Every structure is written in C-alpha cells, then in structure tokens.
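Notes to accompany the following structure.
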Amino acid sequence: MINTNLKIAVIGGGNMGAAIAAGVVSKGILSADRVTVSHLKAGLALPEGVHTTRNNIEAVEGAYLVVVAVKPWLLQGVLDELAPHIDVERVAIVSVVAGVDFATHGEWLAGAKGVPALLRVIPNTAVSVGCSVTFVAHSGASDEQLGVVNQIFGALGVVYNIAEEQMQAATALASCGIAYALRYIDAASRAGVDAGIEPRMALDVVIETVQGALSVLRHSGASPQSEIDRVTTPGGITLRGLEAMEREGFSAAVAEGIKASK
C-alpha cells in the first residue's frame, strides 16, 4: 500500500496532468491535500482540496514523486528549472512526455546534485475515465518507487512494465492506438448512417458491438482470428464484408499506421 503521507507534484495541469491528479484522489490513492498541480489549464476541474500553483518550485517542495506532464518542447526548460530543487536521494521524476529518452532527461537534469530516479510513463487518454493502458520504464528507480508508480497508474487502468527500447512501439499500440480504434468506430457508424440508421443510434450500436467483441475476447481467451472464424460462414454476409475490407487494404492500412507511429 502507498504511504498516505507521500506527496505528489504534477507539473503541467493540462488534460493529462489534470486527469492523473484527479485519478489519484478519486481512486483513494492519496487525499487531495497530498497532491499539488502547477499551471492548471483554464476550464479543467480538480477534486476539492487539491493544491494548485503557478510556481513549479513551490509545487515540488516536499514531493516524493514529481510527475512532469508538459509538452515535449517545454520539457527541457521545466527540468532545468526544477533540477537544483530536487532531492535526488528521495525524489523520483516521472515523465509523462513521449519521445524523450532517459539519456536526454539526464542531460536536462544536469543541474541536480546527483542523478534522480527516472521513470517514463506513457498513458493514453482513457486515463481520464480510469481505463488507460499505461507503459512504465525506469532508470535507477527503487522497487518502492516503481511500486508506487505502478499502483497509481494501475488504479487508472492497466500497467505494463517494459524496457525503454519498447516505448515507441508501445506508444503506437496504445496511445496512438486509441485514436485508431476510434477511427474504426467513426467509419462504421458513418456507414450505418449511410445505410439508413439514425446517427446517434448508429454510433451507440457500434460502441456496444465493439464492447461486446472485447468481452468475448476477454472471456474466451482465444485469438481475434479464432473468434472471427466462429462468426463467419462460407458465402455468408460477414465473410463478404471482411473480404471487401481486405480488398480495400484494411489490415495493411492498420499495420502501416502502427509502423508510421513509431
């Protein structure tokens, strides 16, 4: 269990940072008064009691984890600002910034008195509803620090601990992948409208159908192709539809999209 006296600072109160802070509190991981968010984006709400500030140095004072959730082009400046104020013996830096490796984080933290524990964490946008797929890689983190990060993000979805070199592929599958799944839902619901179904009903039907497909996979433990085989018959309408999709390059397009995202 997490020590409830720990403090967490979230640097960057945009959509992702605010979702992480809100999730930590709403899931009962820490009380609101143990969480501080800097630079909260206008219009975003946090649970009552979460501290907010415009001062990053103030935010990290006494923090055990410093979650940096800023745009990639802001990261260097933020780390340079924070470095002299990081107690490297006790503080772990949790970077929620895609595409910046540990070596670069280390260079930008050169002003610290030593090398802090670093964790790279890549959630996807479903973190806002507690259904994220999150990947965690670490450099120099203790078992306790890794455990705390896993527990925080595990309460906001599922967590996979991976090596840093797997980060790009993992990001393509989950962080980018959520957009790809939504693109299928959008395309299928639009096709339903073209076929004569009312727009809201078409979207709801596709959403429920996708949820049903996921439930079947989780329940059966079978591969997607095995479940496809169960619902297709020679000459049947499902097979005709699948064949038409493949003629238009469906599977190849998905694979190319994943590759391009890396």
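Considering each of Arg247, Arg183, Arg218 in turn, give the residue that is closer than 18 Å to Cys131 by Cα and basic (Lys, Arg).
Arg218
Filtering the stretch 222-258 down to residues that are within 24 Å of the chain's Cα centre (by Cα) and free of Cβ contacts under 8 Å to residues at least 60 places away in the same chain, which residue is surrounded by the most Cβ atoms within 10 Å (Cβ to Cβ)?
The qualifying residue surrounded by the most Cβ atoms within 10 Å (Cβ to Cβ) is Ala253.
From Val205, Val216, Val210, Val193, which residue is without any contact (Cβ under 8 Å) to a residue 60 or more places away in the chain, in contact with a Phe, Trp or Tyr (Cβ under 9 Å, 6 or more places away or on another chain) and outside the structural domain of Val158 (by TED's automatic domain parsing)?
The match here is Val210.
Those residues that are within 18 Å of Asn5 (Cα to Cα) and modelled with pLDDT under 95, I need them from the stretch 66-91; list them, please.
Asp87, Glu89, Arg90, Val91
Hey, among the residues in the stretch 5-33 that are more than 20 Å from the chain's Cα centre (by Cα) and part of a helix (DSSP H, G or I), which one's surrounded by the most Cβ atoms within 10 Å (Cβ to Cβ)?
Checked the stretch 5-33; the qualifying residue surrounded by the most Cβ atoms within 10 Å (Cβ to Cβ) is Ala32.
Please go through the stretch 81-97 and pick out each residue that is loosely packed, with under 14 Cβ neighbours inside 10 Å and charged (D, E, K, R).
Glu89, Arg90 - these are the residues of the stretch 81-97 that are loosely packed, with under 14 Cβ neighbours inside 10 Å and charged (D, E, K, R).
Kindly indicate which of Asn5, Asn15 is in contact with a Lys or Arg (Cβ under 8 Å, 6 or more places away or on another chain) and within 18 Å of Gly130 (Cα to Cα).
Just a single option satisfies the conditions, and that option is Asn15.
Go through the stretch 135-159 and give me each residue that's closer than 30 Å to Ala253 by Cα and either surrounded by fewer than 15 Cβ atoms within 10 Å (Cβ to Cβ) or polar (S, T, N, Q) (or both).
The one that is closer than 30 Å to Ala253 by Cα and either surrounded by fewer than 15 Cβ atoms within 10 Å (Cβ to Cβ) or polar (S, T, N, Q) (or both): Val158.
Being assigned by TED's automatic domain parsing to the domain that holds Ile57, modelled with pLDDT under 90, hydrophobic (A, V, I, L, M, F, W, C) and in a helix (DSSP H, G or I) narrows it down to one of Val127, Val115, so name that one.
Val127
Just checking, which of Glu165, Glu227, Glu198 is more than 27 Å from Ala22 (Cβ to Cβ), at pLDDT 95 or above and in contact with a Ser or Thr (Cβ under 7 Å, 6 or more places away or on another chain)?
Answer to the selection: Glu227.
Collect the residues in the stretch 29-58 that are closer than 13 Å to Phe153 by Cα and touching a residue at least 40 places away in the same chain (Cβ under 8 Å), keeping them in residue-number order.
Across the stretch 29-58, the qualifying residue is only Ile29.
The values are calculated or read from the model by the stated rules, or taken from the named source; none is laboratory data. These numbers come from a predicted model, not from an experiment. Glycine also receives a Cβ, built like all others from the backbone with ideal geometry; neighbour counts cover every protein chain displayed.
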